[in-house]
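Reading through the structure tokens given below for one structure.
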Amino acid sequence: MRTVKLVAIAVVLIVLIGAGAGYRWLGGLAQAAAVVNFIATDEPGPWFQCVGNGCVQAGTQSLAVVQPNTPVRITVGNETNTVHTFTSLLFPTGAQHMPFDQRSAFRAGSRTVNLKDPGLYVFVCKVHPFMLAATIVDDPATPGLDLGENITLVNGITVPTSSDLATRLLRAFWLITSPGNYQDHNPVTNPLLTWTINYPPGVPVRITGGAVVDLKTTLEARYGNHLPLAPPSTPANPGVGEVWVDAQYEKTAAKTKPGTVTAVDATTWTITRKVALPEINMNNPHNMWTDLGQTVIYQTQWFDTKLTVFDRVTGVLVQNIDVGESPAHVMTRVDTDQVHVSINGEDDVVELSPFATGIDRRIATSYPGDRPAQPHAHWMSFDGHTMVTPNSNTNDSTRIDIIPGTIAAKTPTGWLPIASGMMPDASKYYVSNYLDSTITCISIGPPACSDGSSTVPTKNINLLLGGTTLANYNPITGAGFSTSGALPIQTPVSPNGRFVVTANTLTGTISIIETATDQLVKILPCSAGCHGVNFGAKQGGGYYAYVSSKFSNDLIVVDPDPNDDGVVSDAQIVGRIVLVGAAAADDTVTAYEGMGGQGVLPIPLVYNGWVQKLPSFWKIQLTPRQRNPIP
């Protein structure tokens, strides 16, 4: 067997080097006790960058191949400006020392786990869950690189490595960790509008039952390659105001950190401005909100510690204030115009005075002594009295009474809850559970979640499994993938309270839930890494849902209710805006233009509570029903 394996290794090396690929697949294999080191960075793609022994340059900088009984380490140092975790996302079923996690995110130093059992291990940061590192522990006595008989996800799901879910995750790894594989919807730079994922050629992998298959051939046979992309298009009906999008991966000349904020005029569908803020080296801008006057943009720097404020019209920096590790989302308190920022790397939400001139208080999201919650995309009520947080580190959600700043309830959710959205009357709210691919409906007062003919305090809505015509994915065969939602992220409720729109990053789909029944009623296609959603006003009435994608450079415009009758069966994509070019900019784009779509902020704010306080300039552009979404 060992002779067979050595022959296989030689074939791999000859194929890769002969093809000019320059891949060094098994350079660290002879040093079984050598430590494999991944360093955390702020760079798009190799967020966990493999350095030293065992690293494999295979179209990704985030992969290692080692022998059994090799320590794997994450180091957090000067290459990143914030905290991270190094958490096992998937591993060979039954593997020793798995699952692996930390009690809380850490800023400096390292964490190490010894990988004894052959198979595929993938690690993720729970604060920034697109940061991935993979290690294949390879048994020298078997042919092919060992992926293992079965893999288990950290939430307990177990599937064969030959299954569709396993190979989907492999495909996603090569997409996520290599920006060259992202979708380019710009006809200028991609005239044929095709999407190609570059897999390493000639790599035999050993899967369920001991079968040895070629990685690239298998993935392309299952999912194709050189796929057609949808071209840009503009909605026939204009929107109101403008839409700001965080192009979190876009790189510019005067900065060492990535990210810009891109403005789209919703009346003409043109790109009007890019704000990079090179004077502060703005780092991975992630989410935005505005003040009641719609005069400034509040911008979080997710891979840093800062909340940034800049003038909405001029793009000029107003404020840059330290708020804590990995600030993720930001909203204002509608009754006072104070600013609330979720501190994703810690355990609280920071409340700041209007325009973020200073910190007023820190509001805890966990009880003293408990595991840090690490809250992500919180939401606030129409009256400024209630806040809810999805807690990525504790698999629950916190409801906070804002005026006293106390915890009113803690409710279990699914694995890695990441975003929330609240009904306009604050009767219930929704939490997207990233790793479970579910949405948890949680009542705020009396039972308000619909369960057929009755209302219940909580309800789990599965976006992926257990459905009939929708959410009917078969993880073994892959049937139903395109009509399901996997790895859901932002999930706001429409201003009129009729439906929830959720962006699903793995399936590249958009899920729509009807709030009257709390049932999934529609699935639409999205782009690679579908991530952000927010609602803006449509001229003449109704709303657009604006959807951004991490691994693409387009903003999708969805009309969830074209005839405004409350029924979303006719929901459709009505436009696709490519986030390239700008009429004004404070820096020069050098790479990944328009890529990394995450936070989305339509101006003016049209949610109940905020819309009633708009300046008259904005109010007169809205219909009476838009000015009072739930009269």
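Listed values, structure above:
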quantity	calculated
Only one of P118, P92, P71 that is farther than 23 Å from A328 by Cα, at pLDDT 95 or above and surrounded by fewer than 17 Cβ atoms within 10 Å (Cβ to Cβ)	P71
Among (1) in a strand (DSSP E or B); (2) within 22 Å of V76 (Cβ to Cβ); (3) open to solvent by 10 Å² or more (accessible area, probe 1.4 Å) - the single one E346 does not satisfy	(1)
Condition check for M282: of a type outside the set (D, E, K, R), open to solvent by less than 10 Å² (accessible area, probe 1.4 Å) and not in a strand (DSSP E or B)	yes
Wholly enclosed strands (runs of 3 or more DSSP E) of segment 483-528 bearing at least 2 residues under 15 Å from the mean Cα position of the chain (by Cα)	499-504, 509-514
G452 under 15 Å from N391 (Cα atoms) and out of contact with any Asp or Glu (no Cβ under 9 Å at 6 or more places or on another chain)	no
Scan of segment 482-495 for residues that are closer than 21 Å to I418 by Cβ and open to solvent by 10 Å² or more (accessible area, probe 1.4 Å), ordered by number	L487, Q490
Long-range neighbours under 8 Å by Cβ, at least six apart or interchain, first residue over 15 Å from S381 (Cα atoms) and of a type in the set (S, T, Y) within segment 399-424, second outside any strand (DSSP E or B) and open to solvent by 30 Å² or more (accessible area, probe 1.4 Å)	T413/N395
Neighbours by Cβ (under 6 Å, 6+ apart or cross-chain): first from segment 557-578, closer than 24 Å to V264 by Cα; second modelled with pLDDT under 95 and among the hydrophobic types (A, V, I, L, M, F, W, C)	P560/V568; D561/V568
Residue in segment 321-340 that is modelled with pLDDT of 95 or more, assigned to a strand (DSSP E or B), of a type outside the set (D, E) and farther than 30 Å from A583 by Cβ present	yes
Those residues of segment 354-398 which are part of a loop (DSSP other than H, G, I, E, B), in contact with a Leu (Cβ under 8 Å, 6 or more places away or on another chain) and either open to solvent by 50 Å² or more (accessible area, probe 1.4 Å) or in contact (Cβ under 8 Å) with a residue 40 or more places away in the chain (or both), in sequence order	S392
Residues of segment 214-234 classified as open to solvent by less than 10 Å² (accessible area, probe 1.4 Å) and in a loop (DSSP other than H, G, I, E, B), total	0
Selection count, segment 134-182, where residues are of a type in the set (A, V, I, L, M), within 19 Å of the chain's Cα centre (by Cα), outside any helix (DSSP H, G or I) and surrounded by 23 or more Cβ atoms within 10 Å (Cβ to Cβ)	1
Qualifying residue in segment 580-591 (condition: open to solvent by less than 10 Å² (accessible area, probe 1.4 Å), closer than 21 Å to W244 by Cα and not small (G, A, S))	no
Test: T268 is of a type in the set (S, T, N, Q), closer than 30 Å to G575 by Cβ, touching a strand residue (DSSP E or B) at 6+ places or on another chain (Cβ under 8 Å) and open to solvent by 40 Å² or more (accessible area, probe 1.4 Å)	no
Matching residues, segment 415-459, being over 20 Å from V533 (Cβ atoms), in contact with a strand residue (DSSP E or B) (Cβ under 8 Å, 6 or more places away or on another chain) and either among the charged types (D, E, K, R) or open to solvent by 40 Å² or more (accessible area, probe 1.4 Å) (or both)	W415, P446, P447, D451, T455, P457, T458, K459
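The values are calculated or read from the model by the stated rules, or taken from the named source; none is laboratory data. Values in this document were obtained by computation on a predicted structure and should not be read as measured data. All Cβ positions, even for glycine, are placed from backbone atoms using ideal geometry, and neighbour counts span all protein chains on display. With ligands, DNA and RNA removed, areas are computed over all heavy atoms of the protein, side chains included. Shrake-Rupley method; radii C 1.70, N 1.55, O 1.52, S 1.80 Å.
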